[in-house]
1. Extension gain Ala53-Met337, at 0.36 nm per residue separation less the Cα-Cα distance, in nm?
2. What is the distance, in nm, between label points placed 7 Å from the Cα along the Cα-to-Cβ direction at Asp140 and at Ala382?
3. Of the listed pairs Lys275/Lys434; Lys96/Lys365; Lys275/Lys365; Lys31/Lys51; Lys51/Lys517; Lys365/Lys517, which have alpha-carbon separations greater than 23 Å here?
4. Provide, for q = 0.10, 0.17 Å⁻¹, the log10 of I(q)/I(0) from a solvent-free Debye sum over equal Cα point scatterers in the stretch 1-101.
5. Please give the net charge around Val144, taking every other residue with its beta carbon less than 10 angstrom from that of Val144, where Lys and Arg add +1 and Asp and Glu add -1.
6. Please sort by residue number the chymotrypsin sites (Phe, Trp or Tyr not before Pro) in the stretch 21-89 whose DSSP state is loop and whose Cβ has at most 12 other Cβ atoms within 10 Å.
7. Which length gain, in nm to one decimal place, applies between Asp496 and Leu325 when the Cα-Cα distance is subtracted from 0.36 nm times their residue separation?
8. How long is the gain from Val306 to Asp4 if the chain were fully straight, where each residue apart is worth 0.36 nm and the alpha carbon distance is subtracted?
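Where a number appears in this text, it was derived from the coordinates with a stated rule and is not lab data. Quick caveat: nothing in here was measured; it's all calculated off a predicted structure. Here the Cβ positions follow ideal geometry from the backbone for every residue, glycine too, while neighbour counts run over all protein chains shown.
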Amino acid sequence: RFEDGTVSFLDIIALKHGFDVLEKLTGGMEKIKQHTFALAHYTYNVLSTLKYANGAPVVRIYSDTDFSNPDVQGPIINFNILDENGEVIGFSQVDKMASLYNIHVRTGCFCNTGACQMHLGISNEDIRRNLQAGHVCGDDIDLVDGRPTGSVRISFGYMSSFEDAQTFLKFIIDTRLSKSDAKIPFQSSVTTLMTESVPDDQPSFISTDKLSPIPHISDRELWNNSSVTRTTGSRQPPKAEAESIRAAVCETSVPTCRRGSKPITVTNIYLYPIKSCSAFEVTEWPVGNQGLLYDRNWMVVNQNGVCITQKQEPRLCFINPSIDLKKKIMVIQAEGMDPVSVSLEENTGKETVICESKVCSHRVKTYDCGERIAGWFSMFLARPCRLIRQSSDMKNMSHQKNTKGLASATNISLSLVNEAQYLLINVASILHLKEYISDRLEEPLEIEELIRRFRANIVISAPESFEEEEWAEISIGALRFQVVGPCSRCQIICIDQQSGERNKEFMQSLSAARGRKTNFGIYLMNQPLHSSFPDILSVGSQVLPVLKENMEIQPPTSSKE
């Protein structure tokens, strides 16, 4: 009666064969239930006993049972991670950190608003208020006024192993409790983990035809049946120093008016002609209606037309595009490959509509750059791929979330960027972060390397770290920009832009340095240019910011301070 069209009788015929294979592999649904519940029970026991040094729990688990009976509890665990003060860490940040460990979690409200309201204590009025704040299903707005809008969920299946459970638990330890350094605020110097043994009668898969108890874990492994104590450096910063550090990295700290300090200037300008490829540094560059001229006008896609980024292919950082405005060509170079050039003049003869859902969740009209260029990229990356360019007759309109509350920025077009036309970072903020990362890596770190990792368009030199997060607008020469909001970082910052090597310590250090978020840098939007001649953005230009309180920072005066 409720079937939409013809019953899928071919799939129904296949069901018996599927159940037969499942029975052969696992021994049947009862054994699957026992196996998956044993994994969930073990993980639940460990999670529920993890404590910070001050005794505060590491996670808050949402459940209607105590995981004692597989007949009433499925093999899923729903939770939020807390900091040592009991504040919830947003699920989008947990998701980003989990991806560094190749762990897939589900986040949000799981298409179950009622359970979300019940377990998180969200009222109907809260739902309305969250909606007014811009929160919709599937977005990354995980906290509103410090309260969670959703949670994190892990699931176990018949193919899940005891090692999978250990990997997940080790992820929680590594990101919340281990590698603690006294120089890093918001971290405990001594962390005691209290784990509870798994009941001996809880089985686990060992072979395809039988079940056996979970094997004993050697004392060389992280997880065992006794308590584990981790001790790090004993030095703690004095209270005054800790408070000053906390204020410096606090996301809500407000910069003071700086009469007599050095002016804020532009130190570097980068554009990225091909999305996710190497940067092209310039000292001055024209500004168009989509941002820096030719910035992210091209992208590499796979056979299905889906954008390839450094997340999937780190070798993209070895591809160096450069723009020659006089010859009107883009030259693409890579080690071991002959240079190849692409005309800057648009070719409108081969257009195709693709969906870039993996990158920006929007459709853009593009055209292919031809077989010669596709062969060059396919040979270098050793995988079939093509280079496509955005067509100028269908510019992508900016997301509503990017321009919320910015009435004058509503009809600004974007290139193939993720969020906004420009990304700005501050050298002072880089230096602040550099100390944390260097301490955690226990090796020196060049500031140029960090700048490359954050892949900004505009780099400025401001006196105070993170003061850029309190700006509402900035002016650079004749150009005026509106601040869209902070840039929430993804795992691309973990990729060394010169070697292509990954190191998840960079994301973990950023999270530790900023408290509970991975924000770094700010997004900017420029007003559409009414002149037929593009303005020029230049290194050395002075930056004049306006605070969110609409109180302009005074330009420096000739003070002797």
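1. Numbers: separation 284, 0.36 × 284 = 102.24 nm, distance 5.44 nm.
Separation in residues times 0.36 nm, less the Cα-Cα distance, equals 96.8 nm.
2. 3.1
3. Details: Lys275/Lys434 26 Å; Lys96/Lys365 29 Å; Lys275/Lys365 16 Å; Lys31/Lys51 33 Å; Lys51/Lys517 21 Å; Lys365/Lys517 34 Å.
Violating the 23 Å Cα-Cα cut-off are Lys275/Lys434; Lys96/Lys365; Lys31/Lys51; Lys365/Lys517.
4. Log10 I(q)/I(0), no solvent term: -0.50, -0.91.
5. Taking every other residue near Val144 into account, the sum is -1.
6. On the way: sites: Phe37, Tyr42, Tyr44, Tyr52, Tyr62, Phe67, Phe79; in loops: Tyr52, Phe67.
Here no chymotrypsin sites (Phe, Trp or Tyr not before Pro) fit, given the DSSP loop and packing criteria.
7. 58.7 nm
8. Numbers: separation 302, 0.36 × 302 = 108.72 nm, distance 3.05 nm.
Length gained between Val306 and Asp4: 105.7 nm.
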